[in-house]
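Working notes for the structure below.
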Amino acid sequence: MLAVAMCAIAMSVFGQVVRKDSLTRQRNAAMLDEKVIVGLDTVSIIIPEHNFGRYDRGLYNYLFIPKGQWSFGLSASYGELNTEDVQVLNVLKDVDFKGKIYSIHPTIGYFIRNNQSVGIKMTYSRGTADLANLAVDFDDDINFKLKDVSYYTESYVIGGFYRNYVGLGRDKRFGVFNEVDLSFQSGSSRFKRLYNDEPKDTRTTVTQASFNFSPGIAVFIQDNVAFNVSFGVFGVKWRKEHQLTNGVDEGTRFSSGANFRFNIFNISFGLMVVI
């Protein structure tokens, strides 16, 4: 009888032992059941997700942007450089250069699920560069002059994207996202210069497809306006170029490549309106 009683006491004691992560879940049960009103519906403030690991780390995906919302984004850039009779270290002389580049990048998206959106993105960019004069004087070995050189480029890009947000708090102000997009580009460029005192005019048409992965940060600065920063860290592209010089076909070139590193020159800033 004594042995049976001791076994019963031991089972009752060990039966009350629970895992540490289970205790965390019990303490946060009230927060897990918290609801917010979105339109005419109530939505959980924490988006339920399946835990694929053996240990629950207590990380939550807070509601950032609810299902059924539309997002409209816009980013633009502009740069200009003008020089006249500039001299650099007695090597570059009489530099007369004018350059200008700008781009506009609108997006539209729809949230098919809480914190998940799909949409369309477009980009238009244009750049011009005119080098009226440039003299290079490097000792007695390298001495030459360039003049009447111009370059022009224009491109159009359209693509589709999927973006998944992760809310960082219950106040729905800060969030991070992962974006995957498939884009198609069409563009042209023109390069005019003098070669042996004869004018050369090279025209290039470009067709390109790319698959990109871009993580980023989103911050709501107002109730319906967010500021976004995204970083290009991975991309695969396929590119075709066809070139003509003075109307003569120079040939076609195919190329492809992948980028698996962080590029500081591929950082995008923009505003997004959510309604």
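The values are calculated or read from the model by the stated rules, or taken from the named source; none is laboratory data. These numbers come from a predicted model, not from an experiment. No Cβ is skipped: glycine too gets one built from the backbone with ideal geometry, and neighbour counts run over all protein chains shown.
The table below lists the values:
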read-out	value
Any hit, region 150-159, residues being over 26 Å from F213 (Cβ atoms), surrounded by 16 or more Cβ atoms within 10 Å (Cβ to Cβ) and among the small types (G, A, S)	no
Selection within region 106-156 - among the small types (G, A, S), within 24 Å of K93 (Cβ to Cβ) and in contact with a Lys or Arg (Cβ under 6 Å, 6 or more places away or on another chain)	A135, S150
Selection within region 228-245 - closer than 30 Å to G175 by Cα and touching a residue at least 40 places away in the same chain (Cβ under 8 Å)	N228, V229, S230
Top-ranked residue in region 146-175 [being in a strand (DSSP E or B) and of a type in the set (K, R); ranked as nearest to I112 (Cα to Cα)]	R163
Selected residue (criterion: modelled with the lowest pLDDT) from residues of region 214-250 that are assigned to a loop (DSSP other than H, G, I, E, B) and touching a Lys or Arg at 6+ places or on another chain (Cβ under 8 Å)	V233
Residues that are acidic (D, E) and either in contact with a helix residue (DSSP H, G or I) (Cβ under 9 Å, 6 or more places away or on another chain) or farther than 25 Å from R193 by Cα (or both), drawn from region 141-179	D171, E179
Any pair with Cβ under 7 angstrom, 6 or more apart, that starts in region 246-275 at a residue that is closer than 30 Å to N224 by Cβ and ends at one that is in a loop (DSSP other than H, G, I, E, B) and modelled with pLDDT under 90	N266/G232
Residues located in region 176-201, provided they are under 12 Å from Q116 (Cβ atoms) and of a type outside the set (A, V, I, L, M)	F177, N178, E179
Subset of region 34-90 [exposed (fewer than 11 other Cβ atoms within 10 Å of the Cβ), modelled with pLDDT of 75 or more and not in a strand (DSSP E or B)]	none
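Okay, residues lined up against (1) farther than 20 Å from F227 by Cβ; (2) touching a strand residue (DSSP E or B) at 6+ places or on another chain (Cβ under 6 Å); (3) not β-branched (V, I, T):
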| site | (1), (2), (3) |
| --- | --- |
| S117 | no, yes, yes |
| T153 | yes, yes, no |
| Y162 | yes, yes, yes |
| G167 | no, yes, yes |
| D171 | no, no, yes |
